[in-house]
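The structure appears below as structure tokens.
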Amino acid sequence: MGATAANEPKSEISNYVKLNIGGSLFYTTVTTLSKLDSKLRDMVLSEAAQNAETLESEGWVFIDRCGKHFGTILNFLRDGTVPLPETCVEISEILAETKYYGVTELQDACEQALQKKRNRNTNITWVTLITSQNEAQKLISVSSKPVVKFAINRHNNKYSYTGASDDNLLKNIELFDKLAEKHRERGLFIKDVIGSNEICCWTFYGPGGAVKKVAEVCCTSIVYATDKKHTKVDFPETRILEETMNVMLLDTRINKSVQEHELIEATSSSNGNCRCSCSSQWSDLLWENSTTSTL
């Protein structure tokens, strides 16, 4: 009887696998584990892995890892894709588990997701908000960069607005935000939301520690309609872009010859149209918004 039992062939491994991951229980199949070439598959199925880990008497394969994200790994093996959490902490936790189990495809997805979040954070644009003229003067006087100050105060108005004024006000705000994002390394962008007497006004200052106004673009005017006064807000986009370019070229930290080359390229155009072929960022500043609405 003993000899017969000893000579009996070993039973084939069942397609069903029971996993105990640090106390969390999971059911899966050999087919799922074998979809990708991974350390996890070898740990569960190979003789070496089963000798290294503790195989419980009831058939549970025990792996001494946290089971918090193991379900995510299994779902990735099943479907080939899986939604990742929103937080960097949880993605980093999944990344650590994928490295341990050798699921390189999910590891790559986690690393790409983390890189996107890092890029998103580094692209945050900080706009300085001020509430008084004293704040503005102090910031401008100590800035080593050119300064673009945008004063916006819709409530500072005695009269009713014309029909297109609100739309133009929003266009001015959007343009300021775009310029601040694009040129945050080259200039200081200040938004005055309370301290100004102007409804909508752009002011440009040169660098160098001195409060020196280079240009000003006021976007409001008073007009008459049916014997009543109305406040009109304009959107002189081309003028704003031109003054922004001019003040940015005053940056003393940049080589003068480079500035002159960029100025020549940025101001060159054919037939008066905004069709500049140069690749400098200043020409981009002037022409990238040429398709947006103008007056």
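The values are calculated or read from the model by the stated rules, or taken from the named source; none is laboratory data. Computed from a predicted structure; not experimentally measured. All Cβ positions, even for glycine, are placed from backbone atoms using ideal geometry, and neighbour counts span all protein chains on display. For accessibility, only protein heavy atoms count, side chains too; no ligands or nucleic acids. Shrake-Rupley method; radii C 1.70, N 1.55, O 1.52, S 1.80 Å.
So for region 94-103 (the condition being of a type in the set (Lys, Arg) and at pLDDT 90 or above), does at least one residue qualify? Break it down stepwise before answering.
Quick first cut of region 94-103, residues of a type in the set (Lys, Arg) only: 99.
Next, from what is left, pick out any that are at pLDDT 90 or above: 99.
So far as region 94-103 goes, yes, one or more of its residues are of a type in the set (Lys, Arg) and at pLDDT 90 or above.
Filter region 213-242 down to the residues that are open to solvent by 30 Å² or more (accessible area, probe 1.4 Å) and assigned to a helix (DSSP H, G or I) and list them by number.
Residues of region 213-242 open to solvent by 30 Å² or more (accessible area, probe 1.4 Å): 213-214, 216, 218, 220-230, 232, 234, 236, 238-239, 242.
The answer is 238, 239, 242.
Which residue pairs have Cβ atoms under 7 Å apart, sit 6 or more places apart or on different chains, and have a first residue in region 75-92 that is closer than 14 Å to residue 103 by Cα and a second that is open to solvent by 70 Å² or more (accessible area, probe 1.4 Å) and of a type outside the set (A, V, I, L, M, F, W, C)?
Between residues of region 75-92 that are closer than 14 Å to residue 103 by Cα and residues that are open to solvent by 70 Å² or more (accessible area, probe 1.4 Å) and of a type outside the set (A, V, I, L, M, F, W, C), the close pairs are 77/35.
Which condition breaks for residue 152 when tested against (1) open to solvent by less than 40 Å² (accessible area, probe 1.4 Å); (2) under 30 Å from residue 212 (Cα atoms); (3) under 24 Å from the mean Cα position of the chain (by Cα)?
Exception for residue 152: condition (3).
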